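S.K.: The structure that follows is given in the form of structure tokens.
The values are calculated or read from the model by the stated rules, or taken from the named source; none is laboratory data. Model, not experiment: these values are computed from the prediction. Quick reminder, even Gly has a Cβ in these numbers, built from the backbone with ideal geometry, and neighbours come from all protein chains shown.
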Amino acid sequence: MKQTRIIKTSIQDVSPENVHEAVEVLRRGGLVAFPTETVYGLGADVYNVDAVKKVFETKGRPSDNPLIVHIAEFGHVHDLAKKIPLKAKLLIEKFWPGPLTLVVERSSKVSDSVTGGLDTVAIRMPKHPIALALVQSFGRGIVGPSANLSGSPSPTRAEHVYADLHGKIDMILDAGPTEIGVESTIVDVTVDPPLILRFGGLERERIEDIIGEMRTTVDIGFLKRSPGTRHRHYAPHAKVILVDQGDVNRFGQLLDIYTRKGKKIACIVHSRRLKIIEPSDSCFISRVNLQTFSQSLYATFRHFDQLGVDCILVEGVPEEGIGAAVMDRLRRAENAAIETREHVHPYSEFDHDKYRLE
Ligand code: TXA
Ligand code: MG
């Protein structure tokens, strides 16, 4: 067992010493969990194959599920990417630093261990001052998957990282709760029109304002290719059931069924119509605000797991702006129970060349 050091930092005070210690750990090939504006990441030196392997082992992550590389200087994208398509340049100019990850063709400097053998690499420049300070002082890219055990909800607080990974990683930089609460939006810009691989913190509408219409993995019929769909993702241990917004009757029915089965239930609701649902001994209620739904979602899942809840009923949200990312995670959580873990290459079913940019 390792001693996991927790270092308190804050957005107001990015102490160079704290980042300095974390940089030392990265230089030695160690693992540092760090805050970003989306969720906490598990950092390691992108050019240290052993450190990258440790990231997979520590998370219990299948080695074919590639990692995102975090950078802090625009110039570094040229070290990692073979070429940057025009639409990618426009997005970088407009949205970096920020919650947008771009998938581009990788350069020969990026190892197979990072990309799971793919010929592309995912890159993002986070907006969080501590993430930026860390990557900047380190001077090169840091791989950063979410700092959770594979299969559990991403960590939005340092406590979540600690719960999943203490004793296995060297350090956690604790800067309190993250701002956005769901992961970055991932866009594959090696194809045209670009493809949204994961809905996330940056709204689709804002991206399309800049580069025109994009497609989704569903549009072109290869849902299986989408990262995170093959492996259990974003889900609590409790069974999740998604209910349409404001559907009082359905909530009533489900509460009835599960209470009669003697199950411990929790509800996550936001609309006024659902104010009539009352908590009881076997039913917890979390009333959330639509504006802050994404921020609190994973923390709420973890909280209910700690209470030993069997089943979480969640009220759906309008599928616009960040609501698209929230609904995506809720559907994945709902489907987690019936998903199988196939070890097929994520892109094996996709005819990439058909869509490739010239
Ligand atoms: O907000 C975020 O993106 C957070 C913070 C820490 O930056 N990171 C994060 O990483 O969510 P992770 O590893 O939990 O999710 C990365 C996703 C995975 O689903 C992976 O399959 C996909 O990105 N991915 C990585 N490289 C890829 C590539 N070359 N092509 C397609 N998908 C890729
Ligand atoms: Mg993750």
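S.K.: All but one of (1) closer than 21 Å to VAL161 by Cα; (2) in contact (Cβ under 8 Å) with a residue 24 or more places away in the chain hold for GLN306; state the number of the condition that does not hold.
M.R.: For GLN306, the failing item is (2).
S.K.: Next question. List every residue pair whose Cβ atoms sit under 7 Å apart, with the two residues 6 or more apart in sequence or on different chains, where the first one lies in region 1-20 and is in contact (Cβ under 8 Å) with a residue 24 or more places away in the chain and more than 16 Å from LEU42 (Cα to Cα) and the second, anywhere, is outside any helix (DSSP H, G or I) and small (Gly, Ala, Ser).
M.R.: Within 7 Å, the pairs are MET1/GLY167; THR9/SER15; THR9/ALA175; SER10/ALA175; SER10/GLY176; ILE11/ALA175.
S.K.: What are the residues in region 141-190 that are within 9 Å of ligand 1 (Cβ to nearest atom) and assigned to a strand (DSSP E or B), if any?
M.R.: Result: VAL143, SER146, THR185, ILE186, ASP188.
S.K.: Residues in region 26-83 that are of a type in the set (A, V, I, L, M, F, W, C), part of a strand (DSSP E or B), away from ligand 2 (no atom under 16 Å from the Cβ) and within 21 Å of LEU173 (Cβ to Cβ): how many?
M.R.: Matching residues across region 26-83 total 1.
S.K.: (1) in a loop (DSSP other than H, G, I, E, B); (2) touching a Phe, Trp or Tyr at 6+ places or on another chain (Cβ under 6 Å): which one isn't true of LEU134, the others all being true?
M.R.: Answer for LEU134: the failing condition is (1).
S.K.: Go through region 257-294 and report how many residues are of a type in the set (S, T, N, Q) and closer than 16 Å to PRO236 by Cα.
M.R.: Going residue by residue through region 257-294, those that are of a type in the set (S, T, N, Q) are 259, 271, 280, 282, 286, 289, 291-292, 294.
Right, trim to closer than 16 Å to PRO236 by Cα and you get 286, 294.
Within region 257-294, residues that are of a type in the set (S, T, N, Q) and closer than 16 Å to PRO236 by Cα number 2.
S.K.: Output yes when any residue across region 101-111 is over 16 Å from ALA81 (Cα atoms), at pLDDT 95 or above and either within 16 Å of ligand 2 (Cβ to nearest atom) or surrounded by fewer than 21 Cβ atoms within 10 Å (Cβ to Cβ) (or both), and no when none is. Can you show your working first?
M.R.: In the first step, residues of region 101-111 are kept if they are over 16 Å from ALA81 (Cα atoms); the result is none.
No; the residues of region 101-111 include none that is over 16 Å from ALA81 (Cα atoms), at pLDDT 95 or above and either within 16 Å of ligand 2 (Cβ to nearest atom) or surrounded by fewer than 21 Cβ atoms within 10 Å (Cβ to Cβ) (or both).
S.K.: Would you point out the residue of region 204-244, among those that are basic (Lys, Arg), away from ligand 2 (no atom under 16 Å from the Cβ) and surrounded by 17 or more Cβ atoms within 10 Å (Cβ to Cβ), that is modelled with the highest pLDDT?
M.R.: Across region 204-244, the extreme among qualifying residues is ARG204.
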